[in-house]
Amino acid sequence: MDSARQAAQEYLNNHRLNTDELWLHYWSNGGETLSADFAAYLAQVQDPPEAEQQVLTWALQELMAADGLWLAPPRVAARVPGPGILP
């Protein structure tokens, strides 16, 4: 599943996030690969089991969803004072 590795590299290149921070998101999603092995995977030195690659995909999806929230924050309706209401 090189697509997870490629997506991770793209994400790291396009965001202010380092490998350790990405590993922390991966680990918090249930990843079991140690930080050094995770970095080796991203550097194309070794391949983790398929299940661990899936966890990386989940972590990336979580990060991208969070980015989406920052890119389009919810709009708050402006409060316009009505008659007799002080601003």
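When the range 39-51 is examined, which residues are found to be among the hydrophobic types (A, V, I, L, M, F, W, C) and assigned to a loop (DSSP other than H, G, I, E, B)?
Across the range 39-51, the qualifying residues are Ala43, Val45.
Residues of the range 38-54 being acidic (Asp, Glu) and surrounded by 16 or more Cβ atoms within 10 Å (Cβ to Cβ), which ones?
The answer is Glu52, and nothing else.
Kindly provide the set of residues from the range 1-38 that are farther than 15 Å from Ala59 by Cα and in a helix (DSSP H, G or I), ordered by number.
Correct list: Asp2, Asn13, Asn14, Ala36, Asp37.
Restricting to the range 63-76, and then to whatever is closer than 14 Å to His15 by Cα and either among the β-branched types (Val, Ile, Thr) or open to solvent by 80 Å² or more (accessible area, probe 1.4 Å) (or both), can you tell me which residue is modelled with the lowest pLDDT?
Out of the qualifying residues, it is Leu71.
Table: residues versus (1) modelled with pLDDT under 90; (2) open to solvent by 40 Å² or more (accessible area, probe 1.4 Å); (3) in contact with a Leu (Cβ under 8 Å, 6 or more places away or on another chain).
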| position | (1), (2), (3) |
| --- | --- |
| Leu12 | yes, no, yes |
| Glu21 | no, yes, no |
| Glu32 | no, yes, no |
| Leu56 | no, no, no |
| Ala78 | yes, yes, no |
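The values are calculated or read from the model by the stated rules, or taken from the named source; none is laboratory data. All values derive from a computational prediction rather than experimental measurement. Neighbour counts are summed over all protein chains in view; Cβ atoms, including those assigned to glycine, are modelled from backbone coordinates with ideal geometry. Accessible surface is based on the protein model in full, side chains and every heavy atom, while ligands, DNA and RNA are left aside. Shrake-Rupley method; radii C 1.70, N 1.55, O 1.52, S 1.80 Å.
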